[in-house]
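The values are calculated or read from the model by the stated rules, or taken from the named source; none is laboratory data. On a predicted model such as this, the values are computed, not experimentally measured, just so you know. Note that we place each Cβ from the backbone using ideal geometry, even for glycine, and neighbour counts take in every protein chain shown.
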Amino acid sequence: MSCAMATALGTMAMPSVTQAQDIEPRAFANTPVGVNFLVGGYAFTRGSLSFDPAVPVSDAQLETSSLVLAYARSFDLWGMSAKFDAIAPFSWLSGTANFAGQPVERSVSGFGDPRFRISVNLLGAPALTLEEFAAFQQNLIVGASVQVSVPMGQYDSARAVNLGTNRWFVKPELGVSQRFGPLTLEATAAWRFSA
């Protein structure tokens with residue numbers, strides 16, 4: 001049985017322990033050594049929020065505006081292409097809800113938890129200079145990464161909704177990327193450990 005099939009069957013067999021994951025396209029692509037990336041993004045959300053039934057919160061309506069600034073650098077790790085990235089989110093949140101039958105509201109802004117990741121392409125993506133990369137043709141790439149989230153974001157233990165999580169998490173991930181002409185298919189499996 002292939003690893004991908006075992007992962008899929010395990011996920012279907014235990015839906016109570018699965019969680020949504022963020023997906024980064026081309027996370028395990030080859031990149032020339034020494035390239036720097038600076039990425040910025042913005043997201044706006046509006047809507048309701050679900051809480052654990054044990055928490056006496058109902059009718060939660062939130063609006064968030066989030067800015068994300070990220071930096072990444074590719075490098076050579078023992079002949080394999082690798083990348084380090086850091087992500088720093090900043091958000092504005094406002095909303096209302098009923099807590100134990102009483103109306104409450106929250107308006108807060110600040111930093112979320114920063115994330116740091118190192119990823120290495122173990123097979124199919126050697127470390128290449130910019131000149132060597134021009135002739136690179138992708139076939140199968142197999143890679144691994146480890147992401148760490150640091151609990152530095154704005155957090156108030158007396159509030160049900162916060163910008164930070166007040167907990168560390170470590171997320172190891174395995175990924176494959178296969179090119180078929182102009183089409184590239186990717187699959188990843190990740191585990192998340194929180195403390």
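Among the residues of the stretch 55-74 satisfying the criterion of being aliphatic (A, V, I, L, M) and either touching a helix residue (DSSP H, G or I) at 6+ places or on another chain (Cβ under 9 Å) or part of a strand (DSSP E or B) (or both), which is farthest from Tyr42 (Cα to Cα)? Explain how you work it out, then say what you get.
Within the stretch 55-74, the subset aliphatic (A, V, I, L, M) is 55, 57, 60, 62, 67-70, 72.
Checking the rest, the ones that are also either touching a helix residue (DSSP H, G or I) at 6+ places or on another chain (Cβ under 9 Å) or part of a strand (DSSP E or B) (or both) come to 57, 60, 62, 67-70, 72.
Working: Val57: 28, Ala60: 23, Leu62: 17, Leu67: 5, Val68: 6, Leu69: 9, Ala70: 12, Ala72: 18 Å.
Per the stated criteria, the residue is Val57.
Does Ser177 count as in contact (Cβ under 8 Å) with a residue 60 or more places away in the chain, crowded, with 17+ Cβ neighbours inside 10 Å and either of a type in the set (Val, Ile, Thr) or within 25 Å of Asn36 (Cα to Cα) (or both)? It would help to see each step written out before you state the result.
Working: in contact (Cβ under 8 Å) with a residue 60 or more places away in the chain: yes; crowded, with 17+ Cβ neighbours inside 10 Å: yes; either of a type in the set (Val, Ile, Thr) or within 25 Å of Asn36 (Cα to Cα) (or both): yes.
When the stated conditions are applied, Ser177 passes them.
Within the stretch 75-192, which strands (runs of 3 or more DSSP E) (wholly inside it) include 1 or more residues that are touching a Pro at 6+ places or on another chain (Cβ under 9 Å), closer than 30 Å to Gln61 by Cα and not aromatic (Phe, Trp, Tyr)?
Result: 80-99, 115-123, 140-149.
Would you point out the residue of the stretch 72-126, among those that are among the hydroxyl-bearing types (Ser, Thr, Tyr) and surrounded by 19 or more Cβ atoms within 10 Å (Cβ to Cβ), that is nearest to the chain's Cα centre (by Cα)? Give the derivation first.
At the first step, the residues of the stretch 72-126 found to be among the hydroxyl-bearing types (Ser, Thr, Tyr) are 74, 81, 91, 94, 96, 107, 109, 119.
Then keep just the ones that are surrounded by 19 or more Cβ atoms within 10 Å (Cβ to Cβ); that gives 74, 81, 91, 119.
Values: Ser74: 18, Ser81: 20, Ser91: 16, Ser119: 13 Å.
Within the stretch 72-126, the match that is nearest to the chain's Cα centre (by Cα) is Ser119.
Could you tell me whether Thr45 is at pLDDT below 85, of a type in the set (S, T, N, Q) and surrounded by 11 or more Cβ atoms within 10 Å (Cβ to Cβ)?
On the way: at pLDDT below 85: no; of a type in the set (S, T, N, Q): yes; surrounded by 11 or more Cβ atoms within 10 Å (Cβ to Cβ): yes.
So Thr45 does not fit the description; no.
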